[in-house]
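S.K.: Okay, here's the structure, questions in a sec.
A short reminder: the numbers here are calculations on the coordinates, not readings from a lab. Since we're looking at a predicted model, the values are computed, not measured. Methodologically, a virtual Cβ is constructed for each residue, glycine included, from the backbone with ideal geometry; neighbour enumeration extends over all protein chains shown.
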Amino acid sequence: MTVRSYRHPMLSAGLLLGIGMGGFIDGIVFHQILQLHNMLSAKYSPNTVINIELNMVWDGIFHLGTWLTTAAGISLIWREVTRRTEPVTTRRFLGSIIAGWGLFNLVEGSIDHHLLHVHHVVERYGESSWDFAFLLSGVIFLLLGAILMREQE
Amino acid sequence: MTIIACLVCHSETGLALKNAFWDTLSTTAIFGVLLPFFILFLVVGIFHLFESPFPYEARK
């Protein structure tokens, strides 16, 4: 198998940053500020101190994953800054970040909300139209990002 | 992964799992966190290694 040339490091970096920041938006806005759900809120309802602590631990592990993804994106950017092999436009880079956010919503939503049922977007409703809206947002972000990434200079 | 976690916990503690953290670790939690990130990294990795479908005009 021949690996083809390494052509778009900035787009890969943008995707990783989008996934990481999309995860942070989920964790910060949905888990912490609005408290719509926690990582395992469908399995361990956060109505006792023990369950709240347990969810907090797994929210932390989730945030660790988003942090590592963001760090991987930053390291790719730094490597590209030192090599300068790819021309970059704001539009294309922004597109890759939005596409990464869409990827996050699509993959995380499919696995956690619909396949494993570890939590749902609005926990008190269970599996609801909010979960499908979350998936739809993933598709929209992915398409929007792809359109921006495709745009020629 | 779940099976390994179950075997380790059960062999160390007898039948019952010791605490809630290991209990969740050996059920769906580890998949809920790790599986999405694993798939996302796989997607970006494939995108990164192979020629991107998003062309650009190279500056000369």
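S.K.: Rounded to whole Hz and in sequence order, give me ³J(HN,Hα) for the range A:105-112 from the Karplus expression 6.51 cos²θ - 1.76 cosθ + 1.60, θ = phi - 60°, writing x for Gly and Pro.
M.R.: 4, 5, 6, 5, x, 4, 6, 7
S.K.: Given the Cα-Cα distance of A:Thr89 and A:Leu68 and 0.36 nm per residue of separation, how much length would full extension add, in nm?
M.R.: 5.1 nm
S.K.: Go through the range A:45-50 residue by residue and turn each phi into a ³J(HN,Hα) via Karplus (6.51, -1.76, 1.60, θ = phi - 60°); whole Hz please, and just put x for glycine and proline.
M.R.: Per-residue couplings from phi come out as 4, x, 10, 10, 4, 4 Hz.
S.K.: 5 Å is the cut-off here: which amide hydrogens, built 1.01 Å from N in the peptide plane, fall below it relative to A:Met39, excluding neighbours closer than 5 in sequence?
M.R.: It is A:Asp59, by chain and number.
S.K.: Return the distance in nm (one decimal) between the two label points of a simple spin-label model at B:Phe38 and A:His114, each offset 7 Å from Cα along Cα→Cβ.
M.R.: The two pseudo-label positions are separated by 2.0 nm.
S.K.: Now a separate question. What is the sum of charges around B:Gly32, taking Lys and Arg as +1, Asp and Glu as -1, for the other residues whose C-beta is under 10 Å from the C-beta of B:Gly32?
M.R.: Surrounding charge for B:Gly32 is -1.
S.K.: Using r as the Cβ-Cβ distance of A:Thr82 and A:Ile140, and R0 as 45 Å, what FRET efficiency do you calculate, to the nearest 0.05?
M.R.: The computed FRET efficiency comes out at 0.80.
S.K.: I'd like the Karplus ³J(HN,Hα) series for the range A:18-35: coefficients 6.51, -1.76, 1.60, θ = phi - 60°, whole numbers in Hz, and an x wherever there's a Gly or Pro.
M.R.: Per-residue couplings from phi come out as x, 4, x, 6, x, x, 5, 4, 4, x, 6, 7, 7, 6, 9, 6, 7, 6 Hz.
S.K.: Rounded to the nearest 0.05, what FRET efficiency do A:Tyr125 and A:Ile33 give with R0 = 30 Å and r taken as the Cβ-Cβ distance? Could you check?
M.R.: Approximately 0.95, to the nearest 0.05.
S.K.: Report, in deg cm²/dmol and to the nearest 500, the calculated mean residue ellipticity at 222 nm for chain A, where each DSSP H run with n ≥ 4 adds -39500 (n - 2.57) and the sum is divided by the residue count.
M.R.: -21500 deg cm²/dmol
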